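Accompanying notes for the structure given below.
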Amino acid sequence: MRVAILGVVISYVAVGVLGVALHWYAGTQITPIAHSLKGWYLYRNPKNKKLTHITEADVIFPAIIMGLAVGSITARRSKSELVWYIFIFPLGIAALEPIYVRFFPGHLWWSMTGLERSGAVAICYTRALMIGCTFACVARLLTQYFQGRTPDE
């Protein structure tokens with residue numbers, strides 16, 4: 001069990017460090033590439049003026065990576081351990097949201113009330129949970145298949 005926990009923690013730290021580094025780089029606009037990343041990140045849909053890529057960068061990509069990691073790491077573990085990890089790792093993804101926005105002073109986050117921020121983090125958790133759960137289950141089944149193990153019943 002300790003090895004599985006360590007693997008999940010290492011995966012989370014790697015995803016978190018990569019996410020913070022990319023947000024820092026895009027927020028500083030030191031180079032044309034950083035300016036392009038910030039432009040992509042803060043892109044607004046011309047029809048409805050909503051920010052569209054923030055969810056992908058902050059929630060969807062990390063949830064996919066963490067879901068795949070959790071599913072493959074827990075392939076030899078019990079289903080109950082997989083369920084625990086599935087409900088715990090989105091907490092870490094949601095906890096990164098306030099850190100990400102620090103690099104974007106004009107972000108919508110700064111005009112929100114505390115209750116609205118809490119709601120945004122809760123929505124982030126829910127999205128990460130749904131996406132991560134799907135990818136964790138798929139990764140678990142694929143890992144068991146390629147290891148020659150029968151899937152859990």
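For the range 108-153, the ratio of Cα radius of gyration to the globular rule of thumb 2.2 N^0.38 Å stands at 1.87. Between Met130 and Phe87, the simple spin-label model (points 7 angstrom out along Cα→Cβ) gives 1.9 nm. Placing one equal scatterer on every Cα of the range 1-52 and applying the Debye formula, the log10 ratio I(q)/I(0) at q = 0.28, 0.31 Å⁻¹ is -0.96, -1.02.
Applying the Karplus relation 6.51 cos²θ - 1.76 cosθ + 1.60 with θ = phi - 60° to the range 48-56 yields 3J(HN,Hα) values of 10, 6, 8, 6, 10, 8, 4, 4, 5 Hz, where x marks Gly and Pro. Scaled against 2.2 N^0.38 Å for its residue count N, the alpha carbon radius of gyration of the chain is 1.16. Using a cutoff of 8 angstrom between alpha carbon atoms and counting only pairs six or more residues apart, the relative contact order for the chain works out to 30 percent. Backbone geometry of the range 35-40 corresponds, through the Karplus equation with coefficients 6.51, -1.76 and 1.60 at θ = phi - 60°, to 3J(HN,Hα) couplings of 5, 5, 4, 5, x, 5 Hz, x marking Gly and Pro. Using Cβ point charges alone (K and R +1, D and E -1), the dipole size of the chain about the Cα centre works out to roughly 180 debye.
The C-alpha atoms of the chain define a longest principal axis, and helix 61-73 lies at about 10 degrees to it.
Here's the picture: a label point sits 7 Å out from the Cα of Ile123 along the beta-carbon direction, and within the range 9-42 the residues with their amide nitrogen under 17 Å of it are 42.
For the pair Trp24 and Met112, label points projected 7 Å from Cα toward Cβ lie 2.3 nm apart. Each Lys and Arg contributes +1 and each Asp and Glu -1, all at the Cβ; summed about the Cα centre of the range 20-106, the dipole is approximately 220 debye. Each helix, a run of at least 4 DSSP H residues, gives -39500 (n - 2.57); summed and divided by the residues of the chain, these come to -23000 deg cm²/dmol at 222 nm. Which value in nm describes the separation of the simple spin-label points at Arg76 and Lys50, placed 7 Å from the Cα toward the beta carbon? About 4.4 nm separates the two model spin labels. A 1.4 Å probe over all protein chains sorts Phe146, Phe89 by accessible area into Phe146, Phe89, starting with the largest. Placing unit charges on the Cβ atoms of the charged side chains and taking the dipole of the chain about its Cα centre, the candidate lying farthest along the positive direction among Ala69, Ala122, Ala4 is Ala122.
Against the compact-protein benchmark of 2.2 N^0.38 Å, the Cα-based radius of gyration of the range 25-110 scales to 1.36.
The values are calculated or read from the model by the stated rules, or taken from the named source; none is laboratory data. Because the structure is predicted, anything quoted here is derived from the model rather than measured. With ideal geometry, Cβ positions are generated from the backbone for all residues, glycine too; neighbour counts draw on all protein chains shown. These area figures cover heavy atoms from the full protein model, side chains too; ligands, DNA and RNA do not enter into them. Shrake-Rupley method; radii C 1.70, N 1.55, O 1.52, S 1.80 Å.
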